[in-house]
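The values are calculated or read from the model by the stated rules, or taken from the named source; none is laboratory data. Nothing here was measured: the structure is a model prediction, and the numbers come from that model. Every residue, glycine among them, receives a Cβ derived from its backbone with ideal geometry; neighbour counts consider all protein chains shown.
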Amino acid sequence: ETGNHEYTLSSVREALVRQEDTIIFNLIERVKFPINSRTYHQNYASFPAFHGSLVDFVVKNTEAIQAKAGRYQSPEENPFFPENLPPSLMPHYPFSKILHPEAALVNINKSIWKVYFDEMLPLFVASGDDGNYAQTAASDLSLLQAISRRIHYGKFVAEVKFRESPHDYEPLIRARDTEGLMKLLTFASVEEMVKKRVEKKAMVFGQEVSLERDDDDKGNYKVDPSLVSRLYDKWVIPLTKEVEVEYLLRRLD
Ligand SMILES: O=C(O)C(=O)C[C@]1(C(=O)O)C=C[C@@H](O)C=C1
């Protein structure tokens, strides 16, 4: 196994569909906890030789361990704090080299981080504090990683689109025509299907499963399906497209 499976528009779209499941399951896990805002306070926790909130502490330290364990060797993974990450201690694995080498420079996790804490979380979680700050930080990280992986998968989507029609993309790339690129890579009907599908998945994955009764719990979902659709509409799809454009702008370097 070399990870060198074939990349086509339909295979990369299948990967995006599978990643919807991961995002929705992680959302369901995060909304078990209320906002638990002390997780995010700069001064609530005080760790020796560390400045920042509990979530900063958990994410930076977890990323350091995962970096040593080889996580960021995969071209699908992008750290939130790439500064000062330790090198992988794992043997080399021949991951697919389908992406242009400049792909490594495309990392919009700073924007994802900001939008996640400022806009997404308040939309999904209840107010309150149950003291489970460490669990909250850990579930934020899993959800952030799932969202980030989906958004940065835009690199693979952009690469297959470029390979399918280089003659359409090259002039726009040379002219640095961001708007033209955005238009060329957009499929409005696909976006509509994605938004409808994630809403339906949120209903299916988030329903109560009971052996006794059927149906009485209809409408009582673990995560609001219309919010999942909104999450994709407002942030996940637009940020994926931003990654596609950023990647394409570097594609001929
Ligand atoms: O499927 C594609 O072609 C993508 O580029 C992915 C995606 C998405 O984020 O879901 C983004 C842009 C397209 O307009 C349609 C869908």
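Looking at segment 2-18, can you tell me whether even one residue there is more than 16 Å from the ligand (Cβ to nearest atom), surrounded by fewer than 16 Cβ atoms within 10 Å (Cβ to Cβ) and either under 15 Å from the mean Cα position of the chain (by Cα) or acidic (Asp, Glu) (or both)? Within segment 2-18, one or more residues are more than 16 Å from the ligand (Cβ to nearest atom), surrounded by fewer than 16 Cβ atoms within 10 Å (Cβ to Cβ) and either under 15 Å from the mean Cα position of the chain (by Cα) or acidic (Asp, Glu) (or both). Taking (1) closer than 21 Å to TYR7 by Cβ; (2) part of a helix (DSSP H, G or I); (3) in contact (Cβ under 8 Å) with a residue 12 or more places away in the chain in turn, PRO94 satisfies each apart from (2).
Here SER189 clears all of (1) under 14 Å from ILE23 (Cβ atoms); (2) small (Gly, Ala, Ser); (3) within 14 Å of the ligand (Cβ to nearest atom) except the condition numbered (1). Looking only at segment 169-183, residues that are of a type in the set (A, V, I, L, M, F, W, C), more than 10 Å from the ligand (Cβ to nearest atom) and under 16 Å from GLY154 (Cα atoms) come to 1 in all.
One line per residue, one yes/no per condition, for (1) closer than 22 Å to SER11 by Cβ; (2) free of Cβ contacts under 8 Å to residues at least 60 places away in the same chain; (3) buried (at least 20 other Cβ atoms within 10 Å of the Cβ); (4) not charged (D, E, K, R):
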site: PRO166; (1), (2), (3), (4): yes, yes, no, yes
site: GLY180; (1), (2), (3), (4): no, yes, no, yes
site: ARG197; (1), (2), (3), (4): yes, no, no, no
site: MET203; (1), (2), (3), (4): no, yes, no, yes
site: LEU211; (1), (2), (3), (4): no, yes, no, yes
site: SER226; (1), (2), (3), (4): no, yes, no, yes
site: ASP253; (1), (2), (3), (4): no, no, no, no
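Screening ASP215 on (1) at pLDDT below 95; (2) near the ligand (Cβ under 10 Å from one of its atoms); (3) acidic (Asp, Glu) shows it passes everything except condition (2). When we screen GLU83, GLU179 for residues that are of a type outside the set (Val, Ile, Thr), assigned to a helix (DSSP H, G or I) and farther than 17 Å from LEU27 by Cβ, the only hit is GLU179.
When the residues of segment 97-117 are filtered to those that are in contact with a helix residue (DSSP H, G or I) (Cβ under 9 Å, 6 or more places away or on another chain) and free of Cβ contacts under 8 Å to residues at least 60 places away in the same chain, the one that is nearest to VAL12 (Cα to Cα) is ASN107. In this structure, LEU184 does satisfy being in a helix (DSSP H, G or I) and more than 20 Å from the chain's Cα centre (by Cα).
Go through the residues of segment 50-71 one by one and say whether even a single one is out of contact with any helix residue (DSSP H, G or I) (no Cβ under 8 Å at 6 or more places or on another chain), at pLDDT below 95, of a type in the set (A, V, I, L, M) and farther than 24 Å from LEU121 by Cβ. No, segment 50-71 contains no residue that is out of contact with any helix residue (DSSP H, G or I) (no Cβ under 8 Å at 6 or more places or on another chain), at pLDDT below 95, of a type in the set (A, V, I, L, M) and farther than 24 Å from LEU121 by Cβ.
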